[in-house]
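Colleague: Below: one structure in structure tokens.
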Amino acid sequence: MTLETLKPEVKKIGKNFRNSADIENFYRFIHENDLRKEAKLIFEKMHAKIKVDEKKAKRSRKRKTLQ
């Protein structure tokens, strides 16, 4: 196989992360142990943190372009 044939597979895997065995096992673990509420809280906190970090990065990029 060449690198050119591997690149489409990598992109395909990235878009279909839910088909990963690790992700499937993670969701199964959450469901089997009735941790849905806890998982939701964790994901919401992670999402909020990512949004704040993105906002800060965006502000710093704007500052750099203005200077």
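Only the coordinates and a few stated rules stand behind these numbers; no lab work does. A quick note: this is a predicted structure, and the numbers were derived from the prediction, not measured. Please note: Cβ atoms are built from the backbone with ideal geometry, for glycine as well, and neighbour counts cover all protein chains shown.
Colleague: Distance in nm between label sites at residue 57 and residue 30, each 7 Å beyond Cα in the beta-carbon direction?
Modeller: 2.2 nm
Colleague: Here is a further query. Please give, to one decimal in nm, the separation of the simple spin-label points placed at residue 42 and residue 21, each 7 Å out from Cα toward the Cβ.
Modeller: 2.1 nm
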